[in-house]
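Reviewing the structure listed below.
The values are calculated or read from the model by the stated rules, or taken from the named source; none is laboratory data. Here the structure is a predicted model, which is why all the values come from computation and not from measurement. Virtual Cβ from ideal backbone geometry, glycine too; neighbours counted across all protein chains shown. The protein model used for the area step is the full one, side chains on, heavy atoms only, and it has no ligands, DNA or RNA in it. Shrake-Rupley method; radii C 1.70, N 1.55, O 1.52, S 1.80 Å.
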Amino acid sequence: REPSSPAPTPRSASAHMLWLCACTTVSFSVHRPTLAIQSALARPVDVRRAQLAMAEPAPIVADDIWTLSPSSMKNIQGDTLKTWDIGEQTTERVQLSIRSHGRPINSKVELWHTPSYIPTYFRVYSEDGKTRPITAIIETPKHPKTVAVYNKASLDFPFDATVVKTGMDKAYTAFSGKPAESVQGGRIISYTFGQEVESVQVLLKTGERNMKAKIELTQGPNQTKQVIELY
């Protein structure tokens, strides 16, 4: 839903603004560094909050994901679907990373429990998959489980993707003990970052209800650099 407030004052090209739109009652946090989305999937926790925190978080994302398990990396051409079967029943979460060599990323990611049961999915757009890659922590509490990544772009825009069990803690442990804000359905809020901020983490949680949200990263008044729509 379009915000009712007046248009924002134009900012310098070095400033970034993160817009978050709640289509239903959701919560999210903005943190630093690397962008990480954690979905509670079929086992959400009763927290509906949003926060802005610039302190260094506990490590929840593996920075060496591309070398941690080289065999898990797959190159996905345009209009192509690739899947990763999470064979171990004890695997509680995996890390997904998507990057390109400077070209745009237009992808849809799904978690499958069965062919007819998809508890979570998100659509991702990034203007430059090298400068702004995607990293997501996906909770996988049920079994069987498969992560599917679909390249929705044409053959001219391939990208690399990997799904790895890192053994790290839940995403929201990096935000534990920090104050947050409740976000009602239909509300839009934004956070502005200076040029010294290289990356952020975003955490979204709800109570035992569905989650629908949209996240946009903008630079300047009308330059959308990254968009994530999740359910």
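Given a cut-off of 20 Å, name the pairs among K152/K205; K165/K225; K152/K214 whose C-alpha atoms lie farther apart than that in the structure shown.
Pairs exceeding 20 Å: K152/K205; K165/K225.
How much net charge surrounds D79 when only the other residues with a Cβ under 14 Å from the Cβ of D79 are counted, with Lys and Arg +1 and Asp and Glu -1?
+2
Shape of segment 54-167 from its Cα gyration tensor (a ≥ b ≥ c, root eigenvalues): rounded if a/c is under 1.5, otherwise prolate when a/b > b/c, or oblate?
oblate
Let me know the Kirkwood hydrodynamic radius for segment 144-231, please, with Cα pairs as the basis and the value in Å to one decimal. Before the final figure, lay out each step's value.
Details: mean 1/r = 0.0591 Å⁻¹.
About 16.9 Å, per the Kirkwood formula over Cα pairs.
Let me cross-check S71: its accessible surface, 1.4 Å probe, with only protein heavy atoms counted, in Å² to the nearest 10?
S71 has an accessible surface of roughly 110 Å² with all protein chains in place.
Calculate what fraction, in whole %, of the accessible area of segment 74-117 sits on carbon and sulfur atoms when a 1.4 Å probe is rolled over the protein chains.
Exposed carbon and sulfur together represent 48 percent of the surface.
Hey, which aspartates and glutamates would be in cross-link range of K108, C-alpha to C-alpha under 13 Å, not counting anything within fewer than 8 residues on its own chain?
D79, E229
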